[in-house]
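The values are calculated or read from the model by the stated rules, or taken from the named source; none is laboratory data. All of these numbers come straight from a predicted model, not from anything done at the bench. Backbone-built Cβ (ideal geometry, glycine too); neighbour counts: all protein chains shown.
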Amino acid sequence: MGSFATWWVVEFVLPWVVGVYLWRRDSRAVVTVVPCAVAVSFLFNLIGFNMEWWSMVPRTRLETTSALPLNLGLYPVAAATVWFFVRRGLHPVAAVGGSALFLTLCEEIAVIIGRVQYHHGWNIACTFASYVLALILVVLYARLVDATDIP
C-alpha cells in the first residue's frame, strides 16, 4: 500500500514538478489559481470525509490528514494546469473535462489499489462530477480575478 511518505512523493512532490514548470511558463496562472484550488480541495474533502462518502489509507487520527498531499499537491496543480491552458485558448469545457477525467482515472487507480475506499453510495461517477464542479468553481474564480484591476 505504501507509507504516508510514499504518498507525499506521489501526490505532492511529483505534481509540483509540473507546478514548477507551469510557474516558469505562466506564474500568474499559478498564483491566481492555487490558493483557491487548495481551499476548494480542503472544502470538498472535509465534506466527503465528514459525510463518510470516502476514506483513505493510511488512516490517521484526523482522517482528513490522509488527503493533505492531494489538497496541497495534485489538486491545485491540476487546477493551475486547467487555467494555464484556458489562458492559452483552450476552451474551458475541454480543459475542465480533460482534467476531471485525468483526476478521476487517478482516483480509480487509488480505489483499485486500496488507497481510497467509497461508502454510502459514492462511486466513480460522483467523483467525476465533484472534480468537474470543483474545477468550474476554480475557473470562475480565476476569471473573476482576471477581470479585476489587480496587477
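One table, with the values for the structure above:
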read-out	value
Residue pairs meeting the criteria (Cβ under 9 Å; at least 6 apart or on separate chains; first surrounded by fewer than 18 Cβ atoms within 10 Å (Cβ to Cβ), in region 36-61; second among the acidic types (D, E) and at pLDDT 95 or above)	none
T6, sole failed condition from (1) modelled with pLDDT under 95; (2) over 18 Å from T127 (Cβ atoms); (3) surrounded by 13 or more Cβ atoms within 10 Å (Cβ to Cβ)	(3)
Looking only at region 24-38, and only at residues there that are out of contact with any Phe, Trp or Tyr (no Cβ under 7 Å at 6 or more places or on another chain) and closer than 12 Å to P76 by Cβ, the one that is modelled with the lowest pLDDT	V31
Residues within region 67-113 that are crowded, with 22+ Cβ neighbours inside 10 Å, under 23 Å from N50 (Cα atoms) and either among the hydroxyl-bearing types (S, T, Y) or over 13 Å from the mean Cα position of the chain (by Cα) (or both), tallied	1
